[in-house]
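Student: Here it is, the structure, as structure tokens.
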Amino acid sequence: MTWLFAGYGVVWIALFAYIVRLSKMQRELKDEIAALKSKGSEVR
Amino acid sequence: MESRPRAPMVLEAALFMWMAVSLVLIFFYAPVEAQMGIVQKIFYFHVPLAWNAFVGFLIVFIASFRYLATRDPKWDARALAAAEVGVLFTTLVLITGPIWAKPVWGIWWTWDSRLTLTFVMWLIYLGYLMLRHYVESPDRRAVLAAVVGIVGFVDVPLVYFAIRWWRTQHPQPVLMGGQDSGLDPKMATTLWVCSATFLLLFTVMFRRRVAIERMRQELDAFREEAEIARVEGARS
């Protein structure tokens, strides 16, 4: 049972960590693009 | 409030539901294997992860070809996204395999053809991601990555057929493996449901990763445009 839960635990933690990382990357890029766009429109 | 597109939300809701169904099937529906005991249930994650990693690498192969033919950056983004999720899934295959092997074989690892080729496949696609990290020019990076994505795919069918072509320590195929292969119907149902769940998970991660890469490409184009404007401004 310990082996089984070790296996499942590793899989869930890794998948969850990857999804969290993707969400963070997406948010940061969205903010960066929005900032650049507003900066660009200010210059124009 | 910012509204989210409907398609990803539907996909994510379906994924959540399928995950719950898969866990119920694994723990309450699929029987415990007579010889290996409960640890055999790792199989329901291990095999779908491997199959979907193959799907990922097939996408890398197709998208790389498409990129070289069209030079459209969306194919490069798709190849990268598929490679990254494929590497994640292969990493988990390489972790869950030994966790099953230790109580069943008594060893964590052996250099048989299936295991070795899987490890080589993981190294190839890890190399693919590292190459992308170290080449600075976006066009050169995309072309080099596409070449590696096409050539590297040679190992994928070898991994799949290794247990059919050679005698290995790794268990023989339980599906489509000839006369002596087969799986209890309840185990087979659970395996197919888990495979569908992981395919859905792959799709959710892949779509999100492609969206991120497209945003990064947009950002790079923006910066390039700003740099050109700055240089031209300095000249005049």
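Student: How far is it, in nm, from the label point at B:Val231 to the one at B:Arg6 when both lie 7 Å from their Cα along the line to the Cβ?
Tutor: 4.6 nm
Student: Calculate the mean, over all residues of peptide A:11-22, of how many other protein chain Cβ atoms lie within 10 angstrom of the residue's Cβ.
Tutor: 4
Student: Sticking with this one: Using the Karplus equation 6.51 cos²θ - 1.76 cosθ + 1.60 (θ = phi - 60°), what ³J(HN,Hα) coupling, rounded to whole Hz, does each residue of the stretch B:21-34 give in order, writing x for Gly and Pro?
Tutor: 4, 4, 5, 4, 4, 4, 8, 10, 10, 5, x, 7, 5, 5
Student: Each label point is 7 Å from the Cα along the Cα-to-Cβ direction; what then is the distance between the points at A:Gln26 and A:Ala14, in nm?
Tutor: 2.2 nm
Student: Next question, about the same structure. To the nearest 10 degrees, how steep is helix B:43-70 against the longest Cα principal axis of chain B, on a 0 to 90 scale?
Tutor: The angle comes out at about 30 degrees.
Student: Counting only helical runs of four or more DSSP H residues, what would the 222 nm mean residue ellipticity of chain B come to if each run contributes -39,500 (n - 2.57) and the total is spread over all its residues?
Tutor: The helix-only estimate for chain B comes to -27000 deg cm²/dmol at 222 nm.
Student: Shifting gears a bit: Whole-Hz Karplus ³J(HN,Hα) for the stretch B:123-140, in order, using 6.51 cos²θ - 1.76 cosθ + 1.60 and θ = phi - 60°, x for Gly and Pro?
Tutor: 5, 4, 7, 5, x, 4, 5, 5, 4, 5, 6, 9, 8, 7, 5, x, 5, 5
Student: Now, a different point. For the stretch B:212-227, in order, what is each residue's ³J(HN,Hα) by Karplus, 6.51 cos²θ - 1.76 cosθ + 1.60 with θ = phi - 60°, in whole Hz (x at glycine and Pro)?
Tutor: 5, 5, 5, 5, 5, 5, 5, 5, 4, 5, 4, 5, 4, 4, 5, 5
Student: Let me ask something else. Under 16 Å Cα-Cα from B:Lys41, which aspartates and glutamates qualify once same-chain neighbours fewer than 8 residues away are excluded?
Tutor: Hits, sequence-local ones excluded: B:Glu33, B:Asp184.
Student: Using Cα atoms only, what is the angle between the long axis of helix B:155-165 and the major principal axis of chain B, expressed in degrees (0 to 90) to the nearest 10?
Tutor: 10 degrees
Student: If you add up the charges near B:Phe222, with Lys and Arg at +1 and Asp and Glu at -1, over every other residue whose beta carbon is less than 12 angstrom from its beta carbon, what do you get?
Tutor: Once positives and negatives cancel, what remains is -2.
Student: Continuing with the same structure: Kirkwood Rh over Cα pairs of chain B into Stokes-Einstein at 20 °C, 1.002 mPa s: D in µm²/s?
Tutor: 108 µm²/s
We did not get these values from a lab; they are worked out from the coordinates using the rules stated. All values derive from a computational prediction rather than experimental measurement. Reconstructed Cβ throughout: ideal geometry from the backbone, glycine too, with neighbour counts over all protein chains shown.
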